Amino acid sequence: MHSKITFFNKPFCITLLAVAFVYGLALPFFWGNDPTSELGTLSLLCENRKLWFWAWGLLTAGSVAVNAQYMYKKFNCKSKILDAFCILSMIGVCCIALTLGHSIEDWNPKRILHWVATGVFIVFLMASVVLFFIFNIKKHKAFPALTVCTFLILATFGILFGVMGKSAIMEMVPIAMLQILLFVVNFTPLVKAE
């Protein structure tokens, strides 16, 4: 099974996931930023540091997409829909990066596009994982629990938004949780391919 996983090999996937995880948790604290502030989001932090945001976006979306692909192959799942979701999450994060530097004083077209792109990114990033578990829920004894875990990650996003409002914490914690989930599924004995 693992010999068929070529580009998405174990060392590459783990390294990408680890780098994205560390960078995603560290970046919100750069330059004295307060990640709990509504003005401390990654978009505002990086509006004049676009390269740093591009690195975050590509690492984040890339680590999830590559590890999702590894997971699909590990459990012998072929789905053009799931593959498309991985690609759409990458497109979404690129669109977020392209709309950095918008005014936050009003709902101008660039700000609206930024929010739409953010929604597209989040929806397809999460869908690429949660729908895999839902589509295959009867194929593995761990998938019902993993489906619940992905919904809990989504709930964490909503809870953090409700409690703290818009902030980098709301951005970084659920993504880190999703990356940990993918690591557990792909590279620990807790979830073995049957």
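The values are calculated or read from the model by the stated rules, or taken from the named source; none is laboratory data. Given the structure is predicted, the values throughout are model-derived calculations rather than measurements. Glycine also receives a Cβ, built like all others from the backbone with ideal geometry; neighbour counts cover every protein chain displayed. Surface areas here come from the heavy atoms of the whole protein model, side chains and all, with no ligands, DNA or RNA. Shrake-Rupley method; radii C 1.70, N 1.55, O 1.52, S 1.80 Å.
Quick notes on this one:
- Boolean, Ile169 is in contact (Cβ under 8 Å) with a residue 40 or more places away in the chain and either out of contact with any Gly (no Cβ under 7 Å at 6 or more places or on another chain) or assigned to a helix (DSSP H, G or I) (or both): yes
- Phe21 vs. criteria within 25 Å of Gly162 (Cα to Cα), at pLDDT 95 or above and either of a type in the set (S, T, N, Q) or out of contact with any Ser or Thr (no Cβ under 6 Å at 6 or more places or on another chain) (or both): yes
- Residues within the range 170-186 that are open to solvent by 30 Å² or more (accessible area, probe 1.4 Å) and among the hydrophobic types (A, V, I, L, M, F, W, C), tallied: 5
- Residue satisfying condition, being of a type in the set (A, V, I, L, M) and either outside any helix (DSSP H, G or I) or touching a strand residue (DSSP E or B) at 6+ places or on another chain (Cβ under 9 Å) (or both), within set Leu152, Leu190, Leu182, Leu160: Leu190
- Residue count for the range 97-125, restricted to those that are open to solvent by less than 20 Å² (accessible area, probe 1.4 Å) and part of a helix (DSSP H, G or I): 5
- With respect to the conditions (1) open to solvent by 30 Å² or more (accessible area, probe 1.4 Å); (2) under 20 Å from Lys74 (Cβ atoms), Leu154 falls short on a single one, namely (2).
Residue by residue, here is whether (1) open to solvent by 20 Å² or more (accessible area, probe 1.4 Å); (2) assigned to a helix (DSSP H, G or I); (3) free of Cβ contacts under 8 Å to residues at least 24 places away in the same chain; (4) out of contact with any Pro (no Cβ under 8 Å at 6 or more places or on another chain) holds:
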{"position": "Cys13", "(1), (2), (3), (4)": "no, yes, no, yes"}
{"position": "Leu16", "(1), (2), (3), (4)": "yes, yes, no, yes"}
{"position": "Val22", "(1), (2), (3), (4)": "yes, yes, yes, yes"}
{"position": "Trp52", "(1), (2), (3), (4)": "yes, yes, no, yes"}
{"position": "Leu58", "(1), (2), (3), (4)": "yes, yes, no, yes"}
{"position": "Lys78", "(1), (2), (3), (4)": "yes, no, yes, yes"}
{"position": "Ser89", "(1), (2), (3), (4)": "no, yes, no, yes"}
{"position": "Cys95", "(1), (2), (3), (4)": "yes, yes, no, yes"}
